[in-house]
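Input: a single structure, listed below in structure tokens.
The values are calculated or read from the model by the stated rules, or taken from the named source; none is laboratory data. Everything numeric here is computed off the predicted structure, so don't read it as measured data. Ideal geometry is used to build each Cβ from the backbone, glycine not excepted, and the neighbour counts take in all protein chains shown. These area figures cover heavy atoms from the full protein model, side chains too; ligands, DNA and RNA do not enter into them. Shrake-Rupley method; radii C 1.70, N 1.55, O 1.52, S 1.80 Å.
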Amino acid sequence: MRSDVVKKGYERSTQRSLLKATGLSNEDLAKPLIGVVNSFNEVNPGHVHLRDLAHHIKLGIAAAGGTPVEFPVIALCDGIAMGHAGMRYPLASRELIADSIEAMTEGHQLDGLVLLTNCDKITPGCLMAAARLDIPAIVIAGGVQDTGNFRGRQIDGGKIYEAVGAVAAGHWTMDDLYELEESACPGCGACALMGTANSMNILTEALGMGLPFNSTLPANSAKRKVLARRAGEQIMYLLQNDIRPSQILTMEAFQNAIAVDMAVGGSTNTVMHLIAIAHELGIKIPLELFDEISRKVPRLCNFAPGGPYHLQDLLAAGGLQVVIAELAKAGLFNLDVLTVSGKSMRENVAGVENRNPEVVRPISNPYYPEGGIAVLRGNLCPGGAVVKQSACDPSMLKHSGKARVFNREEDAVEAILAGQIKPHDVVVIRYEGPKGGPGMREMLTATAALMGAGLGTSVSLITDGRFSGATRGACIGHVTPEACDGGVIGLLEDGDIIDVDIPNRQLNVRLTEEEIAERRARWVPKEPNVTRGYLARYAKLVASPSEGAVVK
């Protein structure tokens, strides 16, 4: 056991004494030490209930012959951070999460890990740590938030952002907004729509790093507690059989995850996160692979924010296994990969039945012949850009308009709420990339304001920042190179004509190479938004979104 280095031999008497000071006995120290990484806090609704689940994980570890040792990790709520300077921190926190798990695990030479997570950057941070450490590890999510009910309709928290725009446009009253506010988020768990949190929990299961139904069981269900205990038991099986993340997180597993991502219409953030997780294993996932798979994999699901269904509907239909089984019928998913269940994915999905072919369409009758995410290229984004085409109105798949350029999200939101953005405009928000933000803020406040103002089917939004999974509309993010690196997005001026062509994967500005070169010659970089603290260091080290926005 790895932990023997801190537990065995007369020269480790001091270490044993310190461990005993935590309440462990000699019998406890004779067993493997299993880290329980608990991202509980009292700020984030996706994590506020995790103490209870950690208890059940520890019961499972102890029952299977291990000694659980719990330690915390931070967990920011993107929704609470949204729309202000605090949004610079969530993506950057992903690296802190991975680094802190590495430090605790290596510093104490733990034998294995159960990583209890739930939300946007916490799940990929945990997966990055598991991949980096490459000791037996299993990931368990905190579960899905229940949908709310607003005037007889099933809703989720993403609707509130759009309602704010509707109030500003005079379509809603403040009383309407408060009524929605009281109903949209009825309790703990990952927001009920197909945002980044649930997208990453789905991909954890698709990668094989989570047990079956990890992604779909509700946060408040008894079955989620049973699954937590099962995860605790299963880490001991992984340890006894030396099954490590590098044996599960293979290139085939990543291709599987991308296929599932396309089929369910996952968040655009998943592109960066999958690249970053693979990076920890020395696996290079080119941006083009996402588009290659998107061209082949049809979208089988129609989840909010772009559609009417939620994660509870996927569970009722049979869980993620239904999606995987449908993809496998067309040879779009490799079922022979290993999973943390100790079984192949083929065994995990054996006998699955699709109980609702509208929630998960058969492979022969998809919602859309392509996947949920598209990768664009063009003179405005030679390094690539990403759009969630599944959440885009069909009328906006091709769009041309005059640029309305803003150097930060707040200015764009102010213009939208003030009625200054007109149909057929293209809103450009720049200096919001990983370096320029820094931290690559999500532009959900801006996109939701457009929707609420009734401009969702007439205005596009382009940014070197990123988008929440709750975003819908013709919203193109991850524009690379970003503005602060001298990307063309930083050279745009009000009135420039921008052409968006999602079916042909093109994003261009109607400027000649000579005009672009002339503007670049007189371009003056914008002063950095942050000059001290963690974000200042992050800005100096972070890579582009096409490289996973990893810190190098």
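Using a 1.4 Å probe on the protein heavy atoms, what percent of the accessible area of segment 54-127 belongs to carbon and sulfur?
For segment 54-127, the apolar C and S fraction of the accessible surface comes to 63 percent.
Two-decimal Rg/Rh of segment 491-552 from alpha-carbon positions, Kirkwood Rh?
With Rh from the inverse mean 1/r over Cα pairs, Rg/Rh is 1.09.
Would you mind putting 185-197, 40-52, 146-158 in packing order, based on average other-beta-carbon counts within 10 Å, highest first?
Packing proxy ranking, top to bottom: 185-197, 40-52, 146-158.
Ignoring ligands and nucleic acids, what accessible area does residue 361 show with a 1.4 Å probe (Å², nearest 10)?
Result for residue 361: roughly 40 Å² accessible.
Give the peptides 433-444, 20-31 in descending order of average Cβ contacts within 10 Å, highest first.
So the peptides 433-444, 20-31, ranked by packing, come out 433-444, 20-31.
Tally Lys and Arg at +1 and Asp and Glu at -1 over the other residues with C-beta under 13 Å from the C-beta of residue 25: what net charge comes out?
Every neighbour counted, the sum reads +2.
For residue 389, what charge total do you get from the other residues with a beta carbon under 14 Å from its beta carbon, if Lys and Arg give +1 and Asp and Glu give -1?
+1
Tell me which label goes with the value of P(r) over Cα pairs in 20 Å bins from 0, in percent computed from the coordinates here: (1) 18, 47, 31, 4, 0; (2) 23, 55, 20, 2; (3) 19, 47, 23, 7, 3, 1, 0, 0.
Correct label, based on the coordinates given: (2).
What is the extension gain from residue 222 to residue 522, computed as 0.36 nm multiplied by their sequence separation minus the C-alpha to C-alpha distance, in nm to one decimal?
Once the chain is fully extended between residue 222 and residue 522, it gains 101.8 nm.
Can you list the lysines whose alpha carbon is less than 16 Å from that of residue 552, not counting same-chain residues fewer than 8 positions off?
Within the straight-line limit of under 16 Å, residue 552 reaches these lysines: 284, 435, 540.
Return the distance in nm (one decimal) between the two label points of a simple spin-label model at residue 536 and residue 343, each offset 7 Å from Cα along Cα→Cβ.
Result: 5.4 nm between the two label points.
Can you give me the % of accessible surface on segment 223-336 that is carbon or sulfur? Probe 1.4 Å, all protein chains present, nothing else counted.
Reported share for carbon and sulfur atoms: 47 percent.
Using a 1.4 angstrom probe on the protein heavy atoms only, line up 289, 332 by accessible area, largest first.
Descending accessible area places them as 332, 289.
Excluding same-chain residues fewer than 8 positions from residue 31, which aspartates and glutamates have a Cα within less than 18 Å of its Cα?
Result set, ordered by chain and number: 4, 70, 106, 111, 233, 242.
Determine the alpha carbon to alpha carbon distance for each of 296/398; 58/159; 121/159 and list only those over 26 Å.
Over 26 Å Cα-Cα: 58/159.
FRET efficiency for residue 414 and residue 292, Cβ-Cβ distance as r, R0 = 51 Å, nearest 0.05?
0.80
What ranking do 241-251, 77-87, 125-135 get when scored by the average of other Cβ atoms within 10 Å per residue, highest first?
125-135, 77-87, 241-251
When ligands, DNA and RNA are left out and all protein chains stay put, how many square angstrom of accessible area per residue does the chain have with a 1.4 Å probe?
Here the per-residue accessible area is 36 Å².
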